[in-house]
Amino acid sequence: MKKVATREAYGEALLELGRENPDVVVLDADLAKSTKTFDFGKHFPERFFDMGIAEQNMIGTAAGLAAAGKIPFCSSFAIFATGRAFEQVRNSVAYPHLNVKIAASHAGVTVGEDGGSHQSVEDIALMRVLPGMTVFVPADAVETRAAVRAAAGMNGPVYIRLGRPGVPVLHEQSLDFKPGRAIKLRDGGDAAIFATGIMVSMALEAAEILTGEGIGVRVLDMHTIKPLDEAAVLQAAKETGAIVTAEEHSIIGGLGGAVAETVCASHPVPVYRVGLSDVFGESGKPAELLERFGLTPARLVTAVQEVLKQKAAL
Amino acid sequence: MATQEEITRLEEKARQLRRHIIRMTGAAGSGHPGGSLSAADIVAALYFHFLCLDPARPDWPDRDRFVLSKGHAAPVLYAALAERGYFPVDELLTLRRLGSRLQGHPDMKHLPGVEMSTGSLGQGLAAANGMALAGRLDGRDYRVYALLGDGEIQEGMIWEAAMAAAHYKLDHVTAFLDHNGFQIDGPTRQVMSPEPVADKWRAFGWDVQVIDGHDMAAILQAVEKARAVTGRPQMIVAETVKGKGCSFMENQVGWHGVAPKPDEVERALAELA
Ligand SMILES: Cc1ncc(C[n+]2csc(CCOP(=O)(O)OP(=O)(O)O)c2C)c(N)n1
Ligand SMILES: [Mg+2]
């Protein structure tokens, strides 16, 4: 399957938006080549602002641009855009509900060799907790383009989580992407895997393996973490009674947290969260790190088996 | 004044650090050679002439401290720590590997001799200030050195720390600015100019010297002078060349965060022999 990094797709989508809408402006913090805002900067130099290594100032400036009618897209690594500038995002962007889009790359452990200081496994939680913030975690290039366009088209703050490595292109160009609407990629009645970002393709692989064992697994692509598709979550809770969540993020506060909160509130069933178990990342090759932290199809298979045991024990 | 012999010894140490930087990043296949090479002379002067340390007791309370605020230059720090005896020199080749103590950016939790975990730019100077404040409270006379990048000082927190160090009269803090003129997106003057740097630090209440950051005698003299300053923190603006010592890397923005390939490692080592 063809592989494209979501950050690459972001760079292309920005260029497209730049041509269509003169109000789209882009800010970066000395990482334009990595976040892929560089091409936008080349084509629209007057609408591109490299703020230097100053993420807080980047977010604050974007707030001002948005308050004056522009549609700013801000990019840096996820750890710096959401972590370093968190309080600026909260008080200058989310609190006044300004039209700022934060598109951050190098999320998760697939950053690789740079190590734990650079691997954001908290950003979904940080952004999800903010009232009015939309949170997109695209699984592939097609979804990234759709999320970027949706973000530009809606009024209010949006966080888009992007990755460094190439990931399989799962979707057709004709994808019907609706913010807040999960995409069911596979049906099944025994258990459901809610996956986001790079874990979506792994969830499909796991479901394939489990089908071979006679276990029917539903796979949902959660490109939007907020607003969460609660209907899809509750439907799966009722119809399968066993849920696994999968994310390249801490199991605290991210997709797993959101799904568990929803299930607990309305229809409690066992929820098994796959992600980083309250630890930081570390240096290594992306593939080694995925293995090290259990972000693999094999791990999802055992997670489904685990949650099925819990369901049977009820 | 240091003798010519001592200067020559330190120059050879700096060359040795540079060879390690090339080998380590080459073996890792990733990492940041440019900003490690530009800082090699400063780090050699500190670790092999000034810092009062005991590698057998990394937590000795009276030791001098060095904070690598520009944490991506980890290779130059690791090379100095290994040469100083904190861990075997062979371990340098594990840089950035899964399970290595030599993380992509310095991790004080795992590697002895690392005084502060860094990598997120802009945070090291504040930590250095904290160490100096603690030293003052405890009646200890150790000094704290910090190394900052000229792109890094675009971070607002650097200037918050600059203000605090002067406010609290932290004369045991000596910072270096690796003024190599480049960051990732291009020359610092084009991306987000931090100039004029010396005037800014002076305006923030620091004692400021501007030196050639590759002239060992000048580095030694500047630190001696800084140590004699009382009542104020000291900034040594070191005019440096990014990629120094490896001709094809010098002043090339592309060598910020790219590792040399095997043939490039050979060429670089030949130049640094
Ligand atoms: C807070 C933060 N933002 C962005 C980065 C990514 N980054 C790593 S090195 C670098 C450029 C550093 O330039 P400079 O301080 O001049 O270092 P040097 O030239 O000495 O290598 C950037 C932007 C980071 N590590 N931390
Ligand atoms: Mg620099």
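The values are calculated or read from the model by the stated rules, or taken from the named source; none is laboratory data. None of these values were measured; they are calculated from a predicted model. Here the Cβ positions follow ideal geometry from the backbone for every residue, glycine too, while neighbour counts run over all protein chains shown. Accessible surface is based on the protein model in full, side chains and every heavy atom, while ligands, DNA and RNA are left aside. Shrake-Rupley method; radii C 1.70, N 1.55, O 1.52, S 1.80 Å.
The B:Arg136 and B:Leu98 beta-carbon pair, evaluated with R₀ = 56 Å, returns a calculated FRET efficiency of approximately 0.85. Near the amide H of A:Gly112, within less than 5 Å, lie no amide hydrogens of residues on another chain or at least 5 residues away, with H placed in the peptide plane.
Quick one: with all protein chains in place, what share of the accessible area of the protein assembly as shown is carbon or sulfur, to the nearest percent (1.4 Å probe)? Before the final figure, lay out each step's value.
On the way: 11440 of 21740 Å².
Reported share for carbon and sulfur atoms: 53 percent.
FRET efficiency for the pair A:Leu234 and A:Tyr95, taken as 1/(1 + (r/R0)^6) with r the Cβ-Cβ distance and R0 = 25 Å, rounds to 0.25.
Backbone N atoms of the stretch B:1-18 closer than 19 Å to the 7 Å Cα→Cβ label point of B:Arg84 belong to residues B:7, B:9-18.
Taking the DSSP beta bridges with both ends in chain A, the antiparallel portion is around 20 percent. Measure nothing but the geometry: give the 0 to 90° angle between the long axis through the Cα atoms of A:255-266 and the longest principal axis through the Cα atoms of chain A, rounded to 10°. Its long axis makes an angle of about 60 degrees.
Viscosity 0.692 mPa s, temperature 37 °C: give me the Stokes-Einstein translational D for the stretch A:71-117 in µm²/s, with Rh taken as the Kirkwood radius over C-alpha pairs.
Numbers: Rh = 11.5 Å.
Reported coefficient: 286 µm²/s.
Here, the stretch A:3-168 is characterised by an Rg to Rh ratio of 0.92, where Rg is the alpha-carbon radius of gyration and Rh the Kirkwood radius.
Could you give the Stokes-Einstein D for the stretch B:88-228 in µm² per second, using the C-alpha Kirkwood radius, 37 °C, 0.692 mPa s?
Details: Rh = 16.7 Å.
It comes out at roughly 196 µm²/s.
Residues A:Phe194, B:Phe48 ordered from highest to lowest accessible area at a 1.4 Å probe: B:Phe48, A:Phe194. The radius of gyration of the Cα set in chain A, together with its Dmax, comes out at 18.7, 63 angstrom.
Rolling a 1.4 Å probe across all protein chains gives B:Tyr168 an accessible area of roughly 120 Å².
Let a ≥ b ≥ c be the square roots of the eigenvalues of the Cα gyration tensor of the stretch A:252-314; is it rounded (a/c under 1.5), or, if not, prolate (a/b larger than b/c) or oblate? Working shown, then result.
Details: a/c = 3.53, a/b = 1.65, b/c = 2.14.
Since a/c reaches 1.5 but b/c is at least a/b, the shape of the stretch A:252-314 is classed as oblate.
Overall dimensions of the stretch A:24-112, expressed as equivalent-ellipsoid semi-axes from the Cα gyration tensor (√(5λ), whole Å, largest first), are 19, 17, 9.
The radius of gyration of the Cα set in the stretch B:4-271, together with its Dmax, comes out at 17.1, 52 angstrom. Computed over Cα pairs, the Kirkwood radius of the stretch B:1-146 leads via Stokes-Einstein (1.002 mPa s, 20 °C) to a diffusion coefficient of 139 µm² per second. Normalising the Debye intensity of the stretch B:38-98 to I(0), with uniform scatterers on Cα atoms only, and taking log10 at q = 0.12, 0.14, 0.17, 0.24 Å⁻¹ returns -0.29, -0.40, -0.60, -1.14. Using a 1.4 angstrom probe on protein heavy atoms only, the contact between B and A buries about 2000 square angstrom of accessible area, both sides summed. Using the Cβ-Cβ distance between B:Arg189 and A:Gln310 with R0 set to 56 Å, the FRET efficiency works out to roughly 0.40.
Note on the stretch A:189-314: percent of Cα-Cα distances in each 5 Å bin, starting at 0 and stopping at the bin with the largest distance, equals 2, 12, 23, 25, 21, 11, 5, 1, 0.
In the full protein context, the stretch B:4-271 carries 37 Å² of accessible surface per residue, based on a 1.4 Å probe and ignoring ligands, DNA and RNA. Rounded to the nearest 10 degrees, what's the angle between the helix A:6-20 long axis and the longest principal axis of chain A, both from Cα atoms, 0 to 90? Around 50 degrees separate the two axes.
Extents of the protein assembly as shown, largest first, come to 81, 52, 51 Å (Cα atoms, principal axes, whole angstrom). Per-residue SASA remark: A:Lys238, around 140 Å² accessible (1.4 Å probe; ligands, DNA and RNA not included).
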